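The values are calculated or read from the model by the stated rules, or taken from the named source; none is laboratory data. The shown structure was predicted, so the numbers you read here are calculated from the model rather than taken from an experiment. So basically every Cβ, Gly included, is an ideal-geometry build from the backbone, and we count neighbours across all protein chains shown. Quick note on the areas: whole protein, heavy atoms, side chains included, nothing else; ligands and nucleic acids left out. Shrake-Rupley method; radii C 1.70, N 1.55, O 1.52, S 1.80 Å.
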Amino acid sequence: MVTQQVARRPVWWREALVLATAFLLCLSGGIFHPDNTFGWPPIATYVVAGVSCAALVVRHRAPVAVVAVTTACGMLVAPLGLLSTPLIVVPVAIAAYALALHTELRVTIAVLLPAVALLVAATPLLDGLSWQDAGRLLSVAALPLIAGALGTATQSRRAYLAAMEERALRAEESRESEARRSVAEERVRIARELHDVVAHQITLANAQAVVAAHVFDSQPEQTRSNLNNIIETTRNALDDLRATVGLLRQAGDANTPAEPSPGLAQLPRLLESFDRAGLRVTMDNDGTPKPLPPGVDLTAFRIIQEALTNVGKHAGTGHARIRLSWSHDLLGITVADDGPDSRTAKSPSFTRSDRPSGYGLIGMRERAKAVGGQLSTENSPAGGFIVAAHLPITSANPTGDTENGGPP
């Protein structure tokens with residue numbers, strides 16, 4: 001309640017100030033008498049000023065009616081024995097400004113021109129048409145017209161600012177909608193790939209269960225080994241299935257992948273493709289490499305692939321470094337470049353673009369988050385860019401098949 005009172009107070013004070021100023025100016029116009037003398041304003045001046053300023057209270061709600069009332073008061077100046085001056089028609093000018101501010105231009109012209117004509121026609125001449133009379137008539141006619149022009153200009157400026165604000169708001173909404181759409185599409189793509197990984201693991205578990213059923217009586221040790229493999233495979237499938245909750249798979253896609261999902265075992269082939277394109281990549285391993293769950297293996301491969309693609313598109317360099325840090329339950333991935341150099345600045349294959357789109361970084365963060373990891377980016381002190389990811393190693397693959405993420 002206090003806030004509303006504080007917000008309304010300047011409006012009421014402004015209205016009171018406008019009305020008081022108009023009343024004093026109109027009243028001061030009465031000090032000029034028709035006999036070219038000066039003195040206190042007569043009673044008729046107080047009546048004209050009071051009625052005109054009282055009508056100004058509703059000028060924003062009924063501007064046409066207020067112009068009519070103030071014009072009528074201006075026309076009564078001469079019959080009441082007063083001298084028609086620009087000060088006495090100040091209420092007409094304020095009403096004209098409000099009329100131009102709240103109505104269309106054609107309405108303003110249709111109302112103001114007759115009002116000005118009536119004011120000029122009601123202004124008597126003292127001694128023929130002297131220069132003094134001509135100047136007074138011109139001032140009386142010009143004051144409402146100038147006020148109407150100012151009101152029209154103010155209305156146009158407000159409309160322009162409102163249009164610019166609406167355009168900026170729509171542009172902001174479009175950017176937010178585009179960002180949400182990009183995130184949604186990236187999540188759908190990640191969910192589709194994780195769905196393929198889970199389907200592969202379930203198929204693998206089913207095959208292992210069939211083998212265990214056939215050798216249950218003749219080879220109990222092999223049966224035990226197969227059951228252990230089924231436990232690990234289904235555990236990995238459940239982990240990846242939990243990661244896909246909340247992500248939507250697009251309709252119309254193939255039910256099974258055309259080839260096994262990529263992983264770190266395919267890194268040499270990936271680095272060869274970048275090397276052929278002109279980007280030389282060096283890779284270091286810190287620690288002992290370990291088998292990864294299929295979902296984590298796929299995520300690590302995709303993050304490295306996307307980071308190297310960004311280096312080729314935006315870094316303007318021909319060299320990148322990959323570092324894999326292996327710990328007991330965590331895999332650290334770092335992809336760094338040194339920024340543009342003079343040698344690669346002329347390369348046709350890798351040129352630095354003006355500005356990255358940012359969708360690749362969104363996709364990498366979503367991938368890392370989907371498997372319970374995290375990803376960060378920063379500028380290198382040497383002028384390059386660093387992508388760092390930390391992915392959890394939740395379980396190991398006991399079968400030793402690192403190419404397909406499962407047993408042969």
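Ordering 217-226, 168-177, 78-87 by mean Cβ neighbour count within 10 Å, with the highest value first, yields 78-87, 217-226, 168-177. In the range 36-82, the portion of solvent-accessible area held by carbon and sulfur atoms comes to 77 percent [1.4 Å probe, whole percent, DNA, RNA and ligands not counted].
When Lys and Arg each count +1 and Asp and Glu each count -1, what net charge do the other residues less than 12 Å away from Ala171, Cβ to Cβ, add up to? Intermediate values should be presented prior to the final figure.
Numbers: positive: Arg167, Arg170, Arg175; negative: Glu165, Glu166, Glu172, Glu173, Glu176, Glu178.
Here the charged neighbours net out to -3.
Computed packing ranks the peptides 307-314, 284-291, 91-98 as 91-98, 307-314, 284-291, most packed first, by mean other Cβ atoms within 10 Å.
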